[in-house]
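Undergrad: One structure, as C-alpha cells, below. Some questions next.
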Amino acid sequence: MQNYPADQDVVSKLEKLREALPTWVISTVELVELAENAERAAVHSNPETLDRSRKLIVEVAEWQQKLIDWQG
C-alpha cells in the first residue's frame, strides 16, 4: 500500500471520530433513559428532548456505519 500525503489527514480524522463516538453513544443513551423515565413517571416529556434523542440515535448509527465503511 502506498503512502499518500492525504492519508495522514484521513487517519487523523478517523482517530478523532473513534474518540468522539463513545461520548456520543453515552449522551444518546442518557437522553433516551431520561425520556423513558419521564414517561414512566407520567411526567410530561419535553417534545424537544424526545426529538433530540431520536436525532442523536440516528446520528450515532450513521457515524457508526460510516466508520465501518471507512475501515472496510
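Undergrad: Those residues that are surrounded by 11 or more Cβ atoms within 10 Å (Cβ to Cβ) and hydroxyl-bearing (Ser, Thr, Tyr), I need them from the range 9-33; list them, please.
TA: Listed by number, the residues that qualify are 27, 28.
Undergrad: Taking the range 39-61 only, how many residues are open to solvent by less than 80 Å² (accessible area, probe 1.4 Å) and modelled with pLDDT under 75?
TA: Looking only at that region, the number is 2.
Undergrad: List the number of the failed condition for residue 65; all other conditions in (1) in contact (Cβ under 8 Å) with a residue 40 or more places away in the chain; (2) exposed (fewer than 11 other Cβ atoms within 10 Å of the Cβ) hold.
TA: Here residue 65 clears every test but (1).
The values are calculated or read from the model by the stated rules, or taken from the named source; none is laboratory data. Every value quoted in this text rests on a predicted model; they were computed, and no experiment measured them. Here Cβ is always computed from backbone atoms with ideal geometry, including for glycine, and neighbour counts include all displayed protein chains. For the accessible areas, the whole protein counts, side chains as well, though only heavy atoms, and no ligand, DNA or RNA atoms are used. Shrake-Rupley method; radii C 1.70, N 1.55, O 1.52, S 1.80 Å.
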